[in-house]
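Working notes, structure below.
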Amino acid sequence: MKRWWLVTCLAYVGLLGLLAAPLLLLCFSDVPPGDGMYQPPRVSPSEALGIYREPLFWILVAVGAVCQGLFLLIPVRAAEARPVRRRHVLSAAIVCAFLFTLLILLFALSLTMAWFRDNIPEPLAWGELCATGLLWVFWGIVFYRLYDPDDPLALTHRLGRWLYRGSIAELLVAVPSHVITRQRNDCCAPAVTFCGIATGLSVMLLTFGPGVFFLFAERRRRLQPRKTQETKTLLPGQPV
C-alpha cells in the first residue's frame, strides 16, 4: 500500500506542475496596458514556463505533497488493516486545519483586494493575519474532535468534504476578484487574487487523493487473489 501512497502523492505533484504554467498564462496574459503609474503584471508564454526554474515554486509544491501525504495517513493505515493512532489523527487534523484556514484567509484577502484595491487599511490587514492563527487552532480542535475510533475513514471523508466545499467557495470569490483587479491598474492585488485561485485549485485536487488511493488499493486487491490462485494451481516442481 505504501507504493500506492507514493504514486498518489506523485500524481498530485505532477498535476500541480502540469497546471502551473497554463494557469499563470491564463490569469496574466491578456492584461490591458496600464495608463497610470502602475503597470499590471503581464506574462508571456516563455515567462510562464520560467516558473519551473523558480525554487519557491518547487518549495510550494513540496509543501503540497507533504500535505497530501499527511491527509492520506488514515486511509493508508485503514487499507493495511493497521490501527489508527492519535498522532495520525492529530497530523491529519493539523494539516487540514492549515489548508482550511488558508482558504479562509485568501477568501478574505480576495474580497479585500477587490474592494479596497491596493490600499488596504492597516488595522484590517493585521486583523486578518491575527485571525489566521486563531482559526488554525480553532479548526484543528474541531477536526480532531470529529474523529470516531469505530469508523476511522469517516474523518477523512468529512475533512475531504469540508476542504472541497471550502475550495469551491474560495474560487467563487477569487476568480471574480481577479477579473476585477486585473481590469484596474492595480499593482499587487492581481497577484493576491491569483494566489487565491492557485490555492483553491490545489486544495481541490488534494481532496481527490484518498479516492485515487482507494482506486489503486482496490486494483491491487483484485489482482492479488488472481495471482494467489494461479500459484496454487501449479503442480510441485512445475516452473513458475
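Every number in this text was worked out from the coordinates using simple rules, so none of it is lab data. Note that this is a predicted model, so its numbers are computed, not measured. Because the Cβ atoms are built from the backbone with ideal geometry, glycine has one as well, and the counts that use them run over all protein chains shown.
Worth a mention:
- The slack between Leu172 and Arg87, meaning 0.36 nm per residue of separation minus the straight C-alpha distance, is 27.2 nm.
- Counted by Cβ distance under 12 Å from Ser91, the other residues give a net charge of +4, where Lys and Arg count +1 and Asp and Glu count -1.
- Gyration tensor (alpha-carbon) shape descriptor, the stretch 2-214, a/c threshold 1.5: oblate
- Sorted by Cβ density within 10 Å, fewest first, the residues Ile168, Ile197: Ile168, Ile197
- Taking 0.36 nm per residue of sequence separation and removing the Cα-Cα distance, the Ala62/Glu47 pair yields an extension gain of 3.2 nm.
- Stretching the chain fully between Arg3 and Arg77 yields a gain of 25.3 nm (0.36 nm per residue, less the alpha carbon separation).
- Lys/Arg +1, Asp/Glu -1 at C-beta; the stretch 90-154 dipole; positive extreme among Leu153, Leu99, Gly133: Gly133
- For the stretch 8-23, putting each phi into the Karplus relation 6.51 cos²θ - 1.76 cosθ + 1.60 with θ = phi - 60° gives couplings of 5, 5, 5, 5, 5, 4, x, 5, 4, x, 5, 8, 4, 5, x, 5 Hz, in residue order, rounded to whole numbers and with x for Gly and Pro.
- Couplings 3J(HN,Hα) of the stretch 51-62, computed from phi: 5, 6, 9, 8, x, 4, 4, 6, 5, 5, 5, 5 Hz, in residue order, whole Hz [Karplus 6.51 cos²θ - 1.76 cosθ + 1.60, θ = phi - 60°; x for Gly and Pro].
- Prolate/oblate/rounded label for the stretch 38-139 (Cα gyration tensor, a/c 1.5): oblate
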